[in-house]
Amino acid sequence: MEREIILTSDGALPDDLVVETLLRLPVKSLLRFRSVCRSWYGLVKNSNFIYKHLKKDDNIRAMIRCTYYDDTDEYDELKSYFSLVPDKTLRDLSFENLDPKIPGIRIGPYDGIFCLFNNPRRITLWNVTTNEFRVLPKCRAHLPCYTTVHYSNFGFGLDPIADDYKLVIILTLWHEKRREFYDFSHVTVYTFSTNSWRDLKGFEMRHDYMYDRIDNVYLNGFCYWLVLRTDYHKAILSFDMNGEMFEEIQGPNIPEREDIFESSLIPWTLGIYEDSLGLLYSDKYAHSFDLWMMKGGSWIKYLTFGPFIETYQPIGYWRKGEFFLQSNNKRLILYNSEIKEMRDLGITGLWFSVHILKESLIPIKGEDVLVDLFDIPWNILGITDSILS
C-alpha cells in the first residue's frame, strides 16, 4: 500500500530532493541521522520510505558461507565460516565474520532479516544491519495422530496487501504406522503485526522436497521453493502471502536424461534476476549454463553462457549479468556474462553458499523474553541433539 511521505525541511532544498538524497544513503547512516530533526526521524520509520530504500541497488551486499577441511586440525574435521563482504563491488574482499553473532541454524536473509534457531527455547528474527532482534512466541504444531515431522521448509516475505511480514513453515509429515509420507503437509504461519502463529490447511503431497529444502525465494508477494516430485521431475511450489494459497508451477521445458533419477540430480538454481523469477540450469557436463526467466506466466530462455573448458557448479546470482560459480578445483568464481570474464575471488573450500543481503530499515524489534518451544518438534529445524549439545 502506497503511503504519502511528508517531510518538512528547514533548508532551501525541496523536500522531495531531500528524500531522494536520503534514499541513497546506507542504513547505518540513516540510523544516525534520525537525531537530526523530528521529520527525519519520522521519515526513517515511514513504511513507504523503508520500501523504496529496500529497492535501491546500492543496498546489496554478499554473504558467503564456506565449508572446508582445516589441515592444521589434528582431527581433520570439517569447519565453516559465514561472512559479510561490505564492498558491493567485491573488489575488496575484507570480511566481517558473522559466526559469533549468529551461531547455530540460520535461514535467510530475506529483506535483510535472518531467522535464527540457535537455542531450543528460541526462534529469533534478526535484522543484520540495524542489529534489532525479535524473539518469536511459542509455536505449537498440532499434528495428526501417528505422524511425526520428517523435515520442513521455511519462507519469509511481505504480504503487500496487508503491508505485513509473515514467516511460513511447511512441515512434511511421516506416518509412523504406515511407514510412508503422510498424505498432506502441515503449514503454520507467523504474522508480524499480531505476533502470533496460525495453522493453515496443508496441501496434498504430490512431491518430495530436495536436499536444500530450507531455502526459498521471495518475489512480489510470493514465496517459491524448488521441489522434486515423486516421479523425480522437478517443479516449483509457490505460496501467495496474502491469499495464503499454494500452487505448483512447472519448470521450463528442459530435456530430461534417459535416467530420470540422474536427471533429477542436475542442479537447478532458483533466484531473482532483473526483478523476475529466474532459474539457472547447468547441462549434464556442467560446461555451460542456461538462464530461464518467468515472464508473463511463461518461461523464456534469457541467456546462455559457456561452454567452458573447465566444469563449474552454479552457486547463486549476483548483480546484472553476474553469477557465482564453484570451479572443479573448489574455488569460488564470479562470472560476468556480459564481458565473459571469470574472476577468482581467492576463496577455497569444499562447498559454498552465497546469499544476497539487502540492507534494510524494516523494524522488527519486539519484546525480548525467553519462550519455551519444546512443544514443537526440533527435527523440523533439522536440529539434532548432537547439534544442540
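Any residue in the range 63-70 that is modelled with pLDDT under 85 and not hydrophobic (A, V, I, L, M, F, W, C)? Checking the range 63-70: at least one residue is modelled with pLDDT under 85 and not hydrophobic (A, V, I, L, M, F, W, C). Residues in the range 137-171 that are aromatic (Phe, Trp, Tyr) and within 23 Å of the chain's Cα centre (by Cα): TYR151, PHE154, PHE156, TYR165.
Contact annotation: no residue pair with Cβ atoms under 7 Å, 6 or more positions apart or on different chains, pairs a residue in the range 338-356 that is part of a loop (DSSP other than H, G, I, E, B) with a partner that is polar (S, T, N, Q) and surrounded by fewer than 12 Cβ atoms within 10 Å (Cβ to Cβ). Residue-level check: of (1) at pLDDT 85 or above; (2) open to solvent by 60 Å² or more (accessible area, probe 1.4 Å), VAL44 misses just (2). Annotation: of all residues in the range 12-21 being among the hydrophobic types (A, V, I, L, M, F, W, C) and not in a helix (DSSP H, G or I), the one that is surrounded by the most Cβ atoms within 10 Å (Cβ to Cβ) is LEU13.
Just wondering, is there one or more residues in the range 83-95 that are aliphatic (A, V, I, L, M), open to solvent by 50 Å² or more (accessible area, probe 1.4 Å), at pLDDT 80 or above and out of contact with any Gly (no Cβ under 8 Å at 6 or more places or on another chain)? Checked the range 83-95: no residue is aliphatic (A, V, I, L, M), open to solvent by 50 Å² or more (accessible area, probe 1.4 Å), at pLDDT 80 or above and out of contact with any Gly (no Cβ under 8 Å at 6 or more places or on another chain). Filtered by the rule that a residue be modelled with pLDDT under 75, part of a strand (DSSP E or B) and open to solvent by 20 Å² or more (accessible area, probe 1.4 Å), the range 96-132 gives ILE105, ARG106, ASN118, ASN119, ARG122.
Out of the range 226-242, which residues are open to solvent by 30 Å² or more (accessible area, probe 1.4 Å), at pLDDT 80 or above and closer than 18 Å to SER185 by Cα?
First pass over the range 226-242, keeping only residues open to solvent by 30 Å² or more (accessible area, probe 1.4 Å): 228-233, 240, 242.
Restricting the remaining residues to those that are at pLDDT 80 or above gives 240, 242.
ASP240 - this is the single residue of the range 226-242 that is open to solvent by 30 Å² or more (accessible area, probe 1.4 Å), at pLDDT 80 or above and closer than 18 Å to SER185 by Cα.
Residues are listed down the side, and each one gets a yes or a no for (1) open to solvent by less than 30 Å² (accessible area, probe 1.4 Å); (2) within 19 Å of ASN216 (Cα to Cα); (3) aromatic (Phe, Trp, Tyr); (4) free of Cβ contacts under 8 Å to residues at least 40 places away in the same chain:
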{"residue": "ILE272", "(1), (2), (3), (4)": "no, yes, no, no"}
{"residue": "PHE289", "(1), (2), (3), (4)": "yes, no, yes, yes"}
{"residue": "LYS295", "(1), (2), (3), (4)": "no, no, no, yes"}
{"residue": "SER298", "(1), (2), (3), (4)": "no, no, no, yes"}
{"residue": "LEU303", "(1), (2), (3), (4)": "no, no, no, yes"}
{"residue": "PHE308", "(1), (2), (3), (4)": "no, no, yes, yes"}
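Would you be able to say whether some residue in the range 144-158 is surrounded by 15 or more Cβ atoms within 10 Å (Cβ to Cβ), in a loop (DSSP other than H, G, I, E, B) and touching a Ser or Thr at 6+ places or on another chain (Cβ under 7 Å)? No: zero hits.
On the basis of being surrounded by 17 or more Cβ atoms within 10 Å (Cβ to Cβ) and closer than 30 Å to LEU93 by Cβ, does LEU54 make the cut? When the stated conditions are applied, LEU54 passes them.
Hey, any hits in the range 278-286 for a residue that's of a type in the set (Ser, Thr, Tyr), open to solvent by 60 Å² or more (accessible area, probe 1.4 Å) and modelled with pLDDT under 85? Yes, the range 278-286 contains a residue that is of a type in the set (Ser, Thr, Tyr), open to solvent by 60 Å² or more (accessible area, probe 1.4 Å) and modelled with pLDDT under 85. Are any residues in the range 22-41 out of contact with any Leu (no Cβ under 8 Å at 6 or more places or on another chain), open to solvent by 40 Å² or more (accessible area, probe 1.4 Å) and without any contact (Cβ under 8 Å) to a residue 24 or more places away in the chain, and if so, which ones? Result: LEU25, ARG32, ARG34, SER35, VAL36, ARG38, TYR41.
The values are calculated or read from the model by the stated rules, or taken from the named source; none is laboratory data. What you see is a predicted model, and the numbers here were worked out from it, not measured in a lab. Cβ coordinates were reconstructed from backbone atoms using ideal geometry, including for glycine residues, and neighbour counts include every protein chain displayed. Accessible surface areas use protein heavy atoms only, side chains included; no ligands, DNA or RNA. Shrake-Rupley method; radii C 1.70, N 1.55, O 1.52, S 1.80 Å.
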